[in-house]
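These notes are about the structure you will find just below.
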Amino acid sequence: MSKIIGIDLGTTNSLAAVVVDGIPQIIPDGDQHLVPSVVGLSADGELLVGQAAKNQYTLFPEKTVKSVKRKMGSAETILLGDKEYKPQEISAIILRRLKKIAEDFLEESVERAVITVPAYFSDAQRQATKDAGEIAGLEVVRIINEPTAASLAHSLNKEEDQLVMVYDLGGGTFDVSVVEINSGIVEVRASHGNNHLGGDDFDAKIVEFLIRDFEQTHNIDLSGDMKSFARLNRAAEEAKISLSDQPFTQIVEEFIAKRKNKSLHINTEFSRNSFNDMIDPLVRSTLDSIKTALDDSELKPEAIEKVLMVGGSTRIPLVAEVVKEMMEKELHSEINPDECVAIGAAIQAAIIAGENVDSILVDVTPYSLGIEVVEVEFGNIREDRYSVILRKNTVIPVTKSEVYYTMHPLQTKVEIDVFQGEHKTASKNILLGSFVFENIPVSLDDKPAELIVRFDLDINGILHVSATHKDSGKKEQITVKTSQIKLSETEKEEARNKILSMGLSSDSAITTLINKAQKLTAEMQDGDDKDRLEMLIAKIKNAVRKNNPDDLENLKEKLLDKLFELE
Ligand code: AMP
């Protein structure tokens, strides 16, 4: 039987994935993973799909079609060159490309696919997607919801029953869904979003800024020139992406305009703080959708056990920050946010084909890593605060940097203490190492010094920390070892026996176990672990009330595991 592939047919980008030997993998298009959902005709009438079509968009918009997903299910037609096309036909061109790269990858013909659609898609939109598949020569064995696919990619169908939120912010669309997992079945309970919000809008804000800045400096308006505009768009996207990992970036576009035979360039520093200010209202508007999705499913944020971050734009730190603030939970982005929906579709495809699928193993840092800082809040100085640079569950290897300021303009020395842990108070975490940054050059303009602290965590848990004085480039660094240890199954078994031997083996001891767990929750700081423990306690109490011995036994095992892990 030939393989069934999974397809994420996105507004901005599309991807295909397949399970091979139990392992889901993305099917690459050359050296790229994402195939831009763009179709075009070149100057000599050749059909262009993906990156080639995207490249010509700004120069030949009349010969290029993008975001066709927004038109699926409508009777609207699209003019490409001198011909009219139905949205299904344009989507079919993208799907045919995905079918082709899958066939090259698998070295066999591919006839069947699972395709994902947003949870809010109507019947007509789903039917149009199915038709597009069939026009492309693919039997669409199932259409599944994108948040369902994201949950499958995170193996949540293999976990205990729970409510999950999937926050999906891509290039052109945003949606948030409340998903219920019940006995391995994943179902969307509510979904809300904005069909016209995403990374493209963030790029546009940077472009606006560059145009304004250039006009102020040179009195030339770049917005009228298609070629310059295309270059600014590309530069803006690159700057946005680099600001996800570092506090400053340099935007350089040479020879962008000319005045009296003299070439003019853009060469400007752009900071994450300025970017955050530009996009803040847009990002915060997504919180209203979260609220609506929760209201529609009659839930409070506390009822949600996990928040999955999906879509390339969720890599923006401000996005993660505001969602975390509202949901008060660690966010999950272990599976690459732009690949997660396609991976889920491939898993669904393998399940339909009766193949085994292994859980996806990714290396993550099991603890947050950061440094001690002093915070000034409403004029009050708060010492011993913990500023996290790498959050728990970040996929490794990873490099991230943040900017910090000295307390006083004349300060020439700082101590950098590196910690591992989750507590807001730095000293309540584990100190991994520290170094002193001396002889900081004093700035002449009476401003505190800017220090860029960079964390490089490699696959073996070795953390390289450096601090660089931004103005002079002076640098100090250390290397420390983090503890990446998670318990093995044997260790867990030993631990279980240890706790059981403490006189908790009989069912009558369940009260003691609950008391022990409750005592622990009282001592714990707020967070995922505490939420999970409280949820387990509530479930056990419920099982006791309902006198359900099977459930009780199962839950007791889980609680024992959790208690040991936490203790
Ligand atoms: P998607 O539709 O999920 O493929 O997301 C595409 C959007 O994610 C585009 O606007 C990209 O510019 C954006 N994106 C991809 N990677 C990053 C990143 N590291 N930081 C910020 N935005 C990103």
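Given the options V110, V117, V140, name the one that is closer than 26 Å to D296 by Cα, hydrophobic (A, V, I, L, M, F, W, C) and in contact with an Asp or Glu (Cβ under 8 Å, 6 or more places away or on another chain).
The match here is V117.
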Answer yes or no: is there a residue in the stretch 25-47 that is of a type in the set (G, A, S) and within 16 Å of the ligand (Cβ to nearest atom). yes
Which one of I251, I266, I241 is in a strand (DSSP E or B) and within 16 Å of the ligand (Cβ to nearest atom)? I251
Selection count where residues are in contact with a strand residue (DSSP E or B) (Cβ under 9 Å, 6 or more places away or on another chain) and near the ligand (Cβ under 10 Å from one of its atoms), scope the stretch 198-215: 2
What is the number of the single condition among (1) crowded, with 17+ Cβ neighbours inside 10 Å; (2) within 16 Å of the ligand (Cβ to nearest atom); (3) within 21 Å of K400 (Cα to Cα) that V283 does not meet? (3)
Residue satisfying condition, being closer than 21 Å to V357 by Cβ, away from the ligand (no atom under 16 Å from the Cβ) and assigned by TED's automatic domain parsing to the domain that holds S37, within set E108, E134, E103, E146: E108
Have a look at N233, N195 and point out the one that is in contact with a helix residue (DSSP H, G or I) (Cβ under 9 Å, 6 or more places away or on another chain), within 12 Å of the ligand (Cβ to nearest atom) and farther than 20 Å from P317 by Cα. N233
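Yes or no, residue by residue, for (1) under 30 Å from Y386 (Cβ atoms); (2) assigned by TED's automatic domain parsing to the domain that holds K424; (3) more than 35 Å from the chain's Cα centre (by Cα); (4) open to solvent by less than 40 Å² (accessible area, probe 1.4 Å):
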position: I514; (1), (2), (3), (4): no, no, yes, yes
position: A517; (1), (2), (3), (4): yes, no, no, yes
position: L520; (1), (2), (3), (4): yes, no, no, yes
position: K530; (1), (2), (3), (4): yes, no, no, yes
position: M535; (1), (2), (3), (4): yes, no, no, no
position: A543; (1), (2), (3), (4): no, no, yes, yes
position: E553; (1), (2), (3), (4): no, no, yes, no
Which ones in the stretch 40-66 are within 24 Å of A346 (Cβ to Cβ) and open to solvent by less than 30 Å² (accessible area, probe 1.4 Å)? V49, G50
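Working carefully through the options E321, E355, E325, find the one that is outside the structural domain of F455 (by TED's automatic domain parsing), within 16 Å of the ligand (Cβ to nearest atom) and out of contact with any Pro (no Cβ under 7 Å at 6 or more places or on another chain).
Working: E355 fails: within 16 Å of the ligand (Cβ to nearest atom); E325 fails: within 16 Å of the ligand (Cβ to nearest atom).
The unique qualifying residue is E321.
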Does A320 qualify as being within 30 Å of K481 (Cβ to Cβ) and in a helix (DSSP H, G or I)? yes
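If I ask for residues that are more than 14 Å from the ligand (Cβ to nearest atom) and on the phi < 0 side of the Ramachandran plot, which ones from the stretch 8-24 would you list?
Looking only at the stretch 8-24, we keep the residues that are more than 14 Å from the ligand (Cβ to nearest atom), and these are 18-24.
Once the filter is applied, which keeps residues that are more than 14 Å from the ligand (Cβ to nearest atom) and on the phi < 0 side of the Ramachandran plot, the stretch 8-24 yields V18, V19, V20, I23, P24.
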So the strands (runs of 3 or more DSSP E) completely within the stretch 130-213 holding 2 or more residues that are under 19 Å from the mean Cα position of the chain (by Cα) are 162-169, 174-182, 185-194
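Tell me, which helices (runs of 4 or more DSSP H) lie completely within the stretch 481-567 with 1 or more residues that are modelled with pLDDT of 80 or more and within 29 Å of G370 (Cα to Cα)?
Working: elements: 489-500, 510-523, 528-546, 549-566.
The qualifying helices (runs of 4 or more DSSP H) are 510-523, 528-546.
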Before we move on, is K424 closer than 27 Å to M309 by Cα, open to solvent by 70 Å² or more (accessible area, probe 1.4 Å) and under 26 Å from the mean Cα position of the chain (by Cα)? yes
Being in contact with a strand residue (DSSP E or B) (Cβ under 7 Å, 6 or more places away or on another chain), within 16 Å of the ligand (Cβ to nearest atom) and assigned by TED's automatic domain parsing to the domain that holds I144 is true for just one of V188, V166, V178. Which residue is that? V166
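The values are calculated or read from the model by the stated rules, or taken from the named source; none is laboratory data. In this text the structure is predicted, and so the values were computed from the model without any measurement. Backbone-built Cβ (ideal geometry, glycine too); neighbour counts: all protein chains shown. Ligands, DNA and RNA are stripped out before the accessible areas are found, and what is left, the full protein with its side chains, is counted by its heavy atoms. Shrake-Rupley method; radii C 1.70, N 1.55, O 1.52, S 1.80 Å.
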